[in-house]
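Enquirer: I have a structure I would like to understand better, so I am pasting it below and will then ask my questions one at a time.
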Amino acid sequence: MERFIERNIKWLFPLPAAVFIVSMMAFPVAYTIWVSLTDWSMTSSSAVQFVGLKNYIALFNDPRFFNAVKLTLYFTGLAVSVETVLGVGIALILNREFKGKNFVKGILLLPMVATPVAIGLAWTLFYEPTIGLGNYALQLLGLPASKWLASNTSVIPALAIVDIWEWTPMVALIVLAGLAALPHDPYEAAMVDGANTWQVFRYITLPLLSPTILVAVVLRGIDAFKTFDIIYTMTAGGPGFASETLNIYAYNLGFGYFKFGAASSALVALLALVLGGSLLVLWMRRTWEQ
């Protein structure tokens, strides 16, 4: 027995982690894919039957699905792009020494540790058209009032603002860790050559920091694709279907219409979208490095 353990120790040590990954990650994904190939519906008393790609064909013939894909990409692209720009800017500021730096870092963590449902409820009050602070702030700036969550055109930007407020600190912390790991030699050479602040950022900091920024974009992109709690708490996909992202669409299919097979096919489509987006960003990173 001891000789067997010694010979296979390189396989036995990672075995518990592998079992955990398979049981907690691979099995749910495989089960969802299997359900997406059936006609499982709570409104039918007949036995669950295998229907193959029927749910996917119906999915691609549903205009609501393509609207959900478009809104998911819109929300993710808007939120992640702004979070990246603000996160890099905040990280560059926090990379300097100033009084109260640790206090500012602590304040930045507060949105990340708050409960998403509580955040959604608080921001819903902020966006309230008559007594909310949102329109009051616009009034102080001399700008017209907005319908915020009640308008088809402003609901996604309004939801993106909440996501930006909550998750920009995460991007800032990732980038700040990347800044702390940058070598000092290129900066010393740039100072000797008389480079200004913008030139140092453009030709030294940004190229060296690009792998870290891309990691932050991938992590935030995956998370933004899966955003559910804030959107459901604030709009539940409304007004109409103006904020019905893929997660909300799948939820409505599963727990609104009780079509679990169709809902699972929507979730598989979301998984494919997330994987495709992640692989695209990683390919861009590999191309950039070459």
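Enquirer: Go through (1) in contact with a Lys or Arg (Cβ under 8 Å, 6 or more places away or on another chain); (2) loosely packed, with under 15 Cβ neighbours inside 10 Å and name the single condition S154 misses.
Expert: (2)
Enquirer: Do we find a residue being outside any helix (DSSP H, G or I) and under 28 Å from T32 (Cα atoms) anywhere in the stretch 258-277?
Expert: yes
Enquirer: Out of all the residues in the stretch 213-252, which are modelled with pLDDT of 90 or more and either under 17 Å from A180 (Cα atoms) or in contact with a His (Cβ under 9 Å, 6 or more places away or on another chain) (or both)?
Expert: Once the filter is applied, which keeps residues that are modelled with pLDDT of 90 or more and either under 17 Å from A180 (Cα atoms) or in contact with a His (Cβ under 9 Å, 6 or more places away or on another chain) (or both), the stretch 213-252 yields I213, A216.
Enquirer: Within the stretch 122-155, work out how many residues are under 27 Å from A68 (Cβ atoms) and not in a helix (DSSP H, G or I).
Expert: Total satisfying the criteria: 9.
Enquirer: Only one of V192, V162 is among the β-branched types (V, I, T) and modelled with pLDDT of 85 or more; which?
Expert: The conditions single out V162.
Enquirer: Among the residues in the stretch 9-27, are any surrounded by fewer than 13 Cβ atoms within 10 Å (Cβ to Cβ) and closer than 25 Å to G256 by Cβ?
Expert: No, because not a single residue in the stretch 9-27 is surrounded by fewer than 13 Cβ atoms within 10 Å (Cβ to Cβ) and closer than 25 Å to G256 by Cβ.
Enquirer: Name every residue in the stretch 179-212 that is assigned to a loop (DSSP other than H, G, I, E, B) and either polar (S, T, N, Q) or under 30 Å from S243 (Cβ atoms) (or both), in order of residue number.
Expert: Residue satisfying the conditions is N196 alone.
Enquirer: Also, I was wondering about something else. Please go through the stretch 253-290 and give me each residue that is modelled with pLDDT of 90 or more and β-branched (V, I, T), ordered by number.
Expert: V268
Enquirer: Still on this model: Given the criteria touching a Leu at 6+ places or on another chain (Cβ under 7 Å) and part of a helix (DSSP H, G or I), does L173 qualify?
Expert: Spelling it out, it is not the case that L173 is touching a Leu at 6+ places or on another chain (Cβ under 7 Å) and part of a helix (DSSP H, G or I).
Enquirer: Has the stretch 46-67 got any residue that is over 21 Å from K226 (Cβ atoms), of a type in the set (S, T, Y), touching a residue at least 12 places away in the same chain (Cβ under 8 Å) and loosely packed, with under 12 Cβ neighbours inside 10 Å?
Expert: no
Enquirer: Turning to a different aspect of this structure: Name the single residue, out of those in the stretch 213-229 being touching a Phe, Trp or Tyr at 6+ places or on another chain (Cβ under 8 Å) and not in a loop (DSSP other than H, G, I, E, B), that is surrounded by the fewest Cβ atoms within 10 Å (Cβ to Cβ).
Expert: Top of the filtered list is D223.
Enquirer: Right, next: Checking E97 against (1) without any contact (Cβ under 8 Å) to a residue 40 or more places away in the chain; (2) of a type outside the set (S, T, N, Q); (3) assigned to a helix (DSSP H, G or I); (4) out of contact with any helix residue (DSSP H, G or I) (no Cβ under 6 Å at 6 or more places or on another chain), only one condition comes out false. Which one?
Expert: It fails just one condition, (3).
Enquirer: To continue, here is another question. Can you find, within the stretch 165-189, the residue that is surrounded by the most Cβ atoms within 10 Å (Cβ to Cβ) among those that are modelled with pLDDT under 90 and of a type in the set (D, E, K, R)?
Expert: E188
The values are calculated or read from the model by the stated rules, or taken from the named source; none is laboratory data. Just so we're clear, the structure is a prediction, and the values are computed from it rather than from any experiment. When we count neighbours, we look across all protein chains shown, and the Cβ atoms used for this are built from the backbone with ideal geometry, even at glycine.
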